[in-house]
Amino acid sequence: MTGTITDGPNLVDRSKYGPWAVIAGGSEGVGASFAHQLADAGINLVLVARKPGPLQETAAAVGARGVEVRTLSLDLTDPGSVSQILAVTEDLDVGMLVYNAGANSYGSDFVEGDLSRFQNVIDLNVTAQLTLVHHFGAKMRARGSGGLLLVGSMSGYLGGKHLSIYGAVKAFGRVFAESLWLELRDHGVDVLELVLGVTRTPAMERAGMNLSGAMNVSEPDDVAREGLTHLADGPVWVAGSNAARVEEISGLDRRGLILKQHERMLKLFPQKANTGEDPVRTRG
């Protein structure tokens with residue numbers, strides 16, 4: 001078992017980011033990759049995810065690497081979910097929080113959509129994240145070390161059809177991370193918003209994304225490794241060679257950029273182009 005991950009200029013240091021890490025959304029895809037790579041660094045894990053099957057599979061796999069693992073199968077949109085996480089981790093010295101639970105669970109034209117389901121998107125991407133960051137961030141600041149890695153999306157850089165709430169919460173998450181980084185940088189706590197583009201995850205496959213039509217597709221292991229390698233390079237790191245694209249969609253011609261992005265999304269989800277369905281139900 002190694003004590004660090006060395007695929008990059010920085011190290012995942014167990015003395016700073018351990019001995020325990022909490023991964024929200026840690027059962028599959030990028031979350032599972034974070035779990036495996038942190039386990040390789042000798043960091044014990046608390047894995048939180050909604051689906052018990054994939055959660056237990058990942059827990060067994062990383063536990064076989066010699067670290068302790070605790071699991072919680074729960075829905076982070078449930079108001080009582082965060083209190084369960086705090087109870088399970090009460091006796092642990094948590095040096096890292098990875099918030100990877102941020103899917104778009106509901107998409108619709110806003111004025112015709114269900115407000116309660118939009119609220120679930122907000123609760124998952126904003127409310128639960130803020131509560132966990134507030135709790136663990138305070139403890140990390142008090143001990144003078146730690147890392148907060150918040151997984152974001154390129155969707156937070158411009159609007160999209162059926163993405164009014166998802167794009168907005170992702171934009172909120174990035175600005176929140178920037179401010180948090182400024183607050184904690186002199187207290188030994190690293191803050192990073194890891195911005196993902198199109199990533200080959202089970203969630204993307206279930207959503208029917210045409211990955212062959214994507215210009216740049218990232219792999220979960222590469223994305224997780226990039227995030228961990230650049231954790232100290234906050235406040236924002238754009239993963240998967242997407243930095244140029246993020247710079248492009250941050251331009252001032254908002255009308256033109258949004259219309260072009262809409263055409264790109266229709267190509268990624270061709271089966272939904274003429275159905276009126278949500279073109280994106282997860283990160284991208």
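List of remarks:
- Condition check for Leu72: open to solvent by less than 10 Å² (accessible area, probe 1.4 Å) and on the phi < 0 side of the Ramachandran plot: no
- Residue-level analysis places Leu130 among those that are in a helix (DSSP H, G or I), out of contact with any helix residue (DSSP H, G or I) (no Cβ under 7 Å at 6 or more places or on another chain) and either open to solvent by less than 50 Å² (accessible area, probe 1.4 Å) or under 18 Å from Gly25 (Cβ atoms) (or both).
- Test for Lys139: is it over 18 Å from the mean Cα position of the chain (by Cα), outside any helix (DSSP H, G or I) and of a type outside the set (Asp, Glu): no
- Any hit, segment 135-147, residues being under 29 Å from Pro19 (Cβ atoms) and of a type in the set (Ser, Thr, Tyr): yes
- Among (1) on the phi < 0 side of the Ramachandran plot; (2) at pLDDT 95 or above, the one test that Ser155 misses: (2)
- When we screen Val236, Val223 for residues that are open to solvent by less than 30 Å² (accessible area, probe 1.4 Å), of a type outside the set (Ser, Thr, Tyr) and at pLDDT 95 or above, the only hit is Val223.
- If you filter segment 5-55 down to residues that are modelled with pLDDT under 95 and among the β-branched types (Val, Ile, Thr), you find that the one that is surrounded by the fewest Cβ atoms within 10 Å (Cβ to Cβ) is Thr6.
- Any hit, segment 113-121, residues being in contact with a helix residue (DSSP H, G or I) (Cβ under 9 Å, 6 or more places away or on another chain), among the aromatic types (Phe, Trp, Tyr) and open to solvent by 20 Å² or more (accessible area, probe 1.4 Å): no
- Taken over segment 133-158, the criterion of being farther than 11 Å from Leu97 by Cα, buried (at least 17 other Cβ atoms within 10 Å of the Cβ) and of a type in the set (A, V, I, L, M, F, W, C) is satisfied by Met154, Leu158.
- If you check Gly66, Gly80 for being more than 26 Å from Ser218 (Cα to Cα) and open to solvent by less than 50 Å² (accessible area, probe 1.4 Å), only one passes: Gly80.
- Taking each residue of segment 258-272 that is under 15 Å from Val198 (Cβ atoms) and looking for partners that are of a type in the set (A, V, I, L, M, F, W, C) and at pLDDT 80 or above with beta-carbon atoms closer than 9 Å, six or more apart or interchain, yields Gln261/Leu158; Gln261/Ile249; Met265/Leu163; Leu268/Val198.
- Being buried (at least 24 other Cβ atoms within 10 Å of the Cβ) and in contact with a Pro (Cβ under 9 Å, 6 or more places away or on another chain) is not true of Val98.
The values are calculated or read from the model by the stated rules, or taken from the named source; none is laboratory data. Owing to the predicted nature of the structure, the values given are computational and were not obtained by experimental measurement. Virtual Cβ from ideal backbone geometry, glycine too; neighbours counted across all protein chains shown. Just so you know, the surface numbers come from the protein's heavy atoms only, side chains and all, with ligands and any DNA or RNA stripped out. Shrake-Rupley method; radii C 1.70, N 1.55, O 1.52, S 1.80 Å.
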